[in-house]
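See structure below.
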Amino acid sequence: MKISDKIDFNNDWKVITIFIGGNDLCRVCTNLEYEPENYISKVKDAIDYIHANVPRVFINLLEPVNVTMLYNFKFTGLMCGIAHIVACNCAANPWTKAAAQRMVERVEGYVHEVNALVDSGRYEKDDFTVVVQPFFRYTLPPHTNNEVDMSYFAPDCFHFSLKGQTDAALALWNNMVEPVGKKRLNWYEGEKLECPTKSRPYLYTKKNSVASFYENDDFSAKNLAENRLLAKSAGSNDQKKAVTSSGGGVLLMVALASVAVLALVILGSVLYKRHQNKVNCSSRQRLLLNPDRSGDVRYNGNFQH
């Protein structure tokens, strides 16, 4: 940006979006480095660096995606199971009910720390601001009968496909034009694009949302009502999902382990047979070319007994 002739680095406003935390959550069960307090410390360091080096910035700080959906929903296919073991085993395959519940608590911890950092007022400046965009909080992948619509996901069954990226970008934009405190907490298939109004032609920050928070416009009232229902539903279902779904993760792990063991056994058997054939062939060659046992056929240029 500093060297571009199309940007006035010191005076133009910049929008920076920070979406991080999913991969940290995927490792948190095996490494304390990724506990919520360590995660937010690194986020704070990153924002502090931007604040010190880039003037006039509007930062979107997205709440981390809820990775517990990896075991709450069916991602079809053996490849998804293998990909989730490699990419996010902590969330996809918790070994016990306690581990599943602990994963839910860590996701909540990340969300709490993100909001606490911004609510501290540390970044509320006239030429710099950070706004939490919470549309991932209660977002669930489109699904039917608990089976995920895989068109929203890349082949690794973890990252978004182009379709998923497009809908997430639309949801982010809609959050940006919603007042702080009245932002929607999920996104869904077919969500329409919202636009700033003539009376409020700007992106919302904590400061300029104060007056808007008390306005009784239909759009914001609808958001608040939907958010209350989402929060109530999540509160009643999260624990049940965490407790009941961990068994499915264990079964998947056992099944995949069994397949791996069977494959290794078959491979080992094939290699052993090939080795034995090679040994037998070598033995026959030695008997023909240089035998030392009485009565054997010898070869030293001529056959003889």
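Residues in the stretch 164-180: is at least one touching a helix residue (DSSP H, G or I) at 6+ places or on another chain (Cβ under 8 Å), under 30 Å from Asn53 (Cα atoms) and of a type outside the set (Val, Ile, Thr)? Working first, answer last.
Step one: list which residues in the stretch 164-180 are touching a helix residue (DSSP H, G or I) at 6+ places or on another chain (Cβ under 8 Å), which gives 164, 167, 178-180.
Next, from what is left, pick out any that are under 30 Å from Asn53 (Cα atoms): 178-180.
Next, from what is left, pick out any that are of a type outside the set (Val, Ile, Thr): 178-179.
Taking every residue of the stretch 164-180 in turn, at least one turns out to be touching a helix residue (DSSP H, G or I) at 6+ places or on another chain (Cβ under 8 Å), under 30 Å from Asn53 (Cα atoms) and of a type outside the set (Val, Ile, Thr).
Report, by residue number, each residue of the stretch 127-153 that is open to solvent by less than 40 Å² (accessible area, probe 1.4 Å) and in a loop (DSSP other than H, G, I, E, B).
In the first step, residues of the stretch 127-153 are kept if they are open to solvent by less than 40 Å² (accessible area, probe 1.4 Å); the result is 128-136, 139, 141-142, 148, 152-153.
Across the stretch 127-153, the qualifying residues are Pro134, Phe135, Phe136, Thr139, Pro141, Pro142.
Just to be sure I understand, how many residues within the stretch 1-33 are open to solvent by less than 50 Å² (accessible area, probe 1.4 Å) and within 17 Å of the chain's Cα centre (by Cα)? Steps first, answer last, please.
Looking only at the stretch 1-33, we keep the residues that are open to solvent by less than 50 Å² (accessible area, probe 1.4 Å), and these are 4, 9, 14, 16, 18, 21-22, 24-26, 28.
From what's left, within 17 Å of the chain's Cα centre (by Cα): 18, 21-22, 24-26, 28.
Of the residues in that region, 7 qualify.
Which count do you get for residues in the stretch 107-124 that are among the hydroxyl-bearing types (Ser, Thr, Tyr) and open to solvent by less than 20 Å² (accessible area, probe 1.4 Å)?
Result for the stretch 107-124: 2.
Filtering the stretch 65-98 down to residues that are of a type in the set (Gly, Ala, Ser) and in contact with a helix residue (DSSP H, G or I) (Cβ under 7 Å, 6 or more places away or on another chain), which residue is surrounded by the fewest Cβ atoms within 10 Å (Cβ to Cβ)?
As a first pass, look at the stretch 65-98 and keep what is of a type in the set (Gly, Ala, Ser): 77, 81, 83, 87, 91-92, 98.
Okay, now just the ones that are also in contact with a helix residue (DSSP H, G or I) (Cβ under 7 Å, 6 or more places away or on another chain), so 81, 91-92.
Numbers: Gly81: 19, Ala91: 28, Ala92: 26.
So, considering only residues that are of a type in the set (Gly, Ala, Ser) and in contact with a helix residue (DSSP H, G or I) (Cβ under 7 Å, 6 or more places away or on another chain), the one surrounded by the fewest Cβ atoms within 10 Å (Cβ to Cβ) is Gly81.
Is it the case, given these coordinates, that Ala87 is within 12 Å of the chain's Cα centre (by Cα), in a helix (DSSP H, G or I) and either within 15 Å of Val114 (Cβ to Cβ) or hydrophobic (A, V, I, L, M, F, W, C) (or both)? Step through it out loud before you land on a result.
Values: within 12 Å of the chain's Cα centre (by Cα): yes; in a helix (DSSP H, G or I): yes; either within 15 Å of Val114 (Cβ to Cβ) or hydrophobic (A, V, I, L, M, F, W, C) (or both): yes.
It is true that Ala87 is within 12 Å of the chain's Cα centre (by Cα), in a helix (DSSP H, G or I) and either within 15 Å of Val114 (Cβ to Cβ) or hydrophobic (A, V, I, L, M, F, W, C) (or both).
Condition check: polar (S, T, N, Q), modelled with pLDDT of 95 or more, open to solvent by less than 30 Å² (accessible area, probe 1.4 Å) and within 23 Å of Gln165 (Cβ to Cβ). Does Asn60 satisfy that? Before you say what the answer is, go through the steps one by one.
Details: polar (S, T, N, Q): yes; modelled with pLDDT of 95 or more: yes; open to solvent by less than 30 Å² (accessible area, probe 1.4 Å): yes; within 23 Å of Gln165 (Cβ to Cβ): yes.
Taking the combined requirement at face value, the residue satisfies it.
Can you go through Ile16, Ile40, Ile50, Ile20 and tell me which one is over 30 Å from Asn145 (Cβ atoms), of a type outside the set (Ser, Thr, Tyr), in a loop (DSSP other than H, G, I, E, B) and modelled with pLDDT of 95 or more?
Values: Ile16 fails: in a loop (DSSP other than H, G, I, E, B); Ile40 fails: in a loop (DSSP other than H, G, I, E, B); Ile50 fails: in a loop (DSSP other than H, G, I, E, B).
After ruling out the rest, the residue left standing is Ile20.
Taking into account only those residues within the stretch 154-198 that are polar (S, T, N, Q) and in a loop (DSSP other than H, G, I, E, B), which is farthest from Cys80 (Cα to Cα)?
Thr197
The values are calculated or read from the model by the stated rules, or taken from the named source; none is laboratory data. All values reported here derive from a predicted model rather than from experimental measurement. For neighbour counting, all protein chains shown are included, and Cβ atoms are generated from backbone atoms with ideal geometry for every residue, glycine included. Areas reflect the complete protein model, heavy atoms only, side chains present, ligands, DNA and RNA absent. Shrake-Rupley method; radii C 1.70, N 1.55, O 1.52, S 1.80 Å.
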